[in-house]
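A.B. asks: Structure incoming, see below.
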Amino acid sequence: MIIDFHTHVFPSCFRDDRSAFFSNEPAFENLYLSPQAKLAGAKELIRNMDEEDIHKSVIFGFPWENPEHYRIHNDYIIESVHRYPNRLIGFCCFSPLSAGGSREAERCLQSGLSGVGELAVYGSGLSPEIINSLKEVMGLCSQFDVPFLLHTNEPIGHNYAGKTPMTLPQIYGFIKAYPSNRIVLAHWGGGIFFYGLMKKEVKEVFKNVWFDTAASPYLYNPDIYRIAGETIGFDKILFGSDYPLLKPKRYFKEMESAGLSPGSMEQVKGSNAARLLSPNS
């Protein structure tokens with residue numbers, strides 16, 4: 001089974017008039033100001049999944065700061081999962097800066113969503129205040145036994161829309177703050193997986209951490225699949241396309257060119273995700 005662990009879908013109200021939501025949502029404006037920045041709905045995703053032989057996708061919205069915006073979006077995620085229960089797995093999303101985030105997480109998890117994410121703070125790094133503000137949300141993830149997906153990015157290199165000024169010590173501090181939670185770091189964790197080679201502490205800290213591949217073709221050469229697998233284990237890597245940014249087949253071609261074995265490919269493309277989403281099955 002192939003599972004895409006990282007996809008974004010938007011209800012029609014956001015897709016049809018995106019500029020109406022730019023006010024007081026600087027992160028959304030930054031990422032989607034350009035008309036070339038695609039916004040897709042659930043039906044479009046399902047159609048693409050059929051074309052690319054994807055069995056299931058994890059879907060989520062956007063880390064809105066306005067409670068009305070994230071409630072509308074999360075309701076759409078809930079509705080989409082109910083419409084396509086055998087194809088879509090929903091996570092709830094909101095800005096960590098929103099005071100109502102924990103209440104929204106509880107509402108969505110009670111409604112049957114399967115995780116929280118992709119949470120992000122695009123205007124700053126992961127300050128101690130932001131890390132601490134997620135305490136209630138992380139507690140709910142533990143209570144409902146669901147994973148938490150965090151936006152991360154590499155702290156060096158070229159700039160692009162959505163790249164945050166976070167540091168690897170900040171990402172590491174977040175992981176250490178919530179050692180019992182199952183945490184997925186988007187976009188290869190900004191490269192922090194490299195430190196899994198260290199002899200002391202880090203491997204234990206990474207015990208409940210996974211890394212998704214979202215946007216990898218834009219950021220790294222294909223060797224990252226082999227190098228990451230040899231560093232942290234292929235069982236820690238989750239295929240995520242960041243749809244509609246990129247289509248899955250581009251990732252699969254890169255995995256093949258990196259020389260992944262059929263067994264490792266199977267892990268990355270779906271079996272790891274299946275175990276993470278249903279750890280007791």
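A.B. asks: If I filter the stretch 212-228 down to residues being in a helix (DSSP H, G or I) and not β-branched (Val, Ile, Thr), which single residue comes out as nearest to Phe5 (Cα to Cα)?
C.D. replies: Selected residue: Ser216.
A.B. asks: Also, I was wondering about something else. Any idea which of Gly240, Gly229 is farther than 30 Å from Arg15 by Cβ and in contact (Cβ under 8 Å) with a residue 24 or more places away in the chain?
C.D. replies: On inspection, the qualifying residue turns out to be Gly229.
A.B. asks: Just to verify a result, which residue in the stretch 13-27, among those that are touching a helix residue (DSSP H, G or I) at 6+ places or on another chain (Cβ under 9 Å) and without any contact (Cβ under 8 Å) to a residue 40 or more places away in the chain, is nearest to Ile78 (Cα to Cα)? Steps first, answer last, please.
C.D. replies: If we filter the stretch 13-27 for residues that are touching a helix residue (DSSP H, G or I) at 6+ places or on another chain (Cβ under 9 Å), which is where we start, we get 13-14, 18-23, 25.
Checking the rest, the ones that are also without any contact (Cβ under 8 Å) to a residue 40 or more places away in the chain come to 18-20, 22-23.
Details: Arg18: 21, Ser19: 24, Ala20: 23, Phe22: 24, Ser23: 25 Å.
Applying the filter and picking the extreme gives Arg18.
So that you can scan it fast, the table gives a plain yes or no per residue for (1) touching a strand residue (DSSP E or B) at 6+ places or on another chain (Cβ under 9 Å); (2) charged (D, E, K, R); (3) assigned to a strand (DSSP E or B):
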residue: Lys163; (1), (2), (3): no, yes, no
residue: Phe174; (1), (2), (3): yes, no, no
residue: Lys203; (1), (2), (3): no, yes, no
residue: Phe206; (1), (2), (3): no, no, no
residue: Trp210; (1), (2), (3): yes, no, yes
residue: Glu230; (1), (2), (3): no, yes, no
residue: Leu245; (1), (2), (3): yes, no, no
residue: Lys249; (1), (2), (3): no, yes, no
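A.B. asks: Somewhere in the stretch 97-110, is a residue in a loop (DSSP other than H, G, I, E, B), within 13 Å of the chain's Cα centre (by Cα) and buried (at least 17 other Cβ atoms within 10 Å of the Cβ)?
C.D. replies: For the stretch 97-110, residues in a loop (DSSP other than H, G, I, E, B), within 13 Å of the chain's Cα centre (by Cα) and buried (at least 17 other Cβ atoms within 10 Å of the Cβ): absent.
A.B. asks: On the given criteria, is Ser271 under 17 Å from Ile54 (Cα atoms), surrounded by fewer than 19 Cβ atoms within 10 Å (Cβ to Cβ), at pLDDT 95 or above and not charged (D, E, K, R)?
C.D. replies: Criteria met by Ser271.
A.B. asks: Taking the stretch 35-82 as the search range and keeping residues that are free of Cβ contacts under 8 Å to residues at least 12 places away in the same chain and under 27 Å from Lys163 (Cβ atoms), which one is surrounded by the most Cβ atoms within 10 Å (Cβ to Cβ)?
C.D. replies: Applying the filter and picking the extreme gives Pro35.
A.B. asks: Same structure again: How do the pairs read when you match residues in the stretch 100-114 that are in contact (Cβ under 8 Å) with a residue 40 or more places away in the chain with residues anywhere that are not in a helix (DSSP H, G or I), using Cβ under 9 Å and keeping only pairs 6 or more apart or on different chains?
C.D. replies: Close Cβ pairs (under 9 Å, with a partner that is not in a helix (DSSP H, G or I)) amount to Ser114/Val58; Ser114/Ile89; Ser114/Gly90; Ser114/Phe91; Ser114/Val146; Ser114/Pro147.
A.B. asks: Among the listed residues Ile46, Ile89, identify the single one that is modelled with pLDDT of 95 or more and part of a helix (DSSP H, G or I).
C.D. replies: Being modelled with pLDDT of 95 or more and part of a helix (DSSP H, G or I) holds for just one of Ile46, Ile89, which is Ile46.
A.B. asks: Is it the case, given these coordinates, that Leu168 is in contact with a Phe, Trp or Tyr (Cβ under 9 Å, 6 or more places away or on another chain) and either on the phi < 0 side of the Ramachandran plot or free of Cβ contacts under 8 Å to residues at least 60 places away in the same chain (or both)?
C.D. replies: Criteria met by Leu168.
A.B. asks: Any idea which residue in the stretch 168-202 is farthest from the chain's Cα centre (by Cα), counting only those that are closer than 17 Å to Tyr220 by Cβ, of a type in the set (Phe, Trp, Tyr) and surrounded by 19 or more Cβ atoms within 10 Å (Cβ to Cβ)?
C.D. replies: Phe193
A.B. asks: In the stretch 1-34, which residues are in a loop (DSSP other than H, G, I, E, B), of a type outside the set (Val, Ile, Thr) and surrounded by 17 or more Cβ atoms within 10 Å (Cβ to Cβ)?
C.D. replies: Phe10, Pro11, Glu25
A.B. asks: For the stretch 115-165: of the residues being polar (S, T, N, Q) and touching a Pro at 6+ places or on another chain (Cβ under 7 Å), which is farthest from Val81 (Cα to Cα)?
C.D. replies: Step by step, filter the stretch 115-165, then rank; the result is Ser124.
A.B. asks: Moving to a separate point now. Every residue in the stretch 127-139 that is more than 18 Å from the chain's Cα centre (by Cα) and either under 11 Å from Val116 (Cα atoms) or in a loop (DSSP other than H, G, I, E, B) (or both), please.
C.D. replies: Correct list: Ser127 only.
A.B. asks: Which of the following residues is under 23 Å from Lys247 (Cβ atoms) and in contact with a Lys or Arg (Cβ under 9 Å, 6 or more places away or on another chain): Ala42, Ala120?
C.D. replies: Exactly one residue qualifies, and that residue is Ala42.
The values are calculated or read from the model by the stated rules, or taken from the named source; none is laboratory data. Everything numeric here is computed off the predicted structure, so don't read it as measured data. Every residue, glycine as well, gets a Cβ built from its backbone with ideal geometry; the counts of neighbours run over all protein chains shown.
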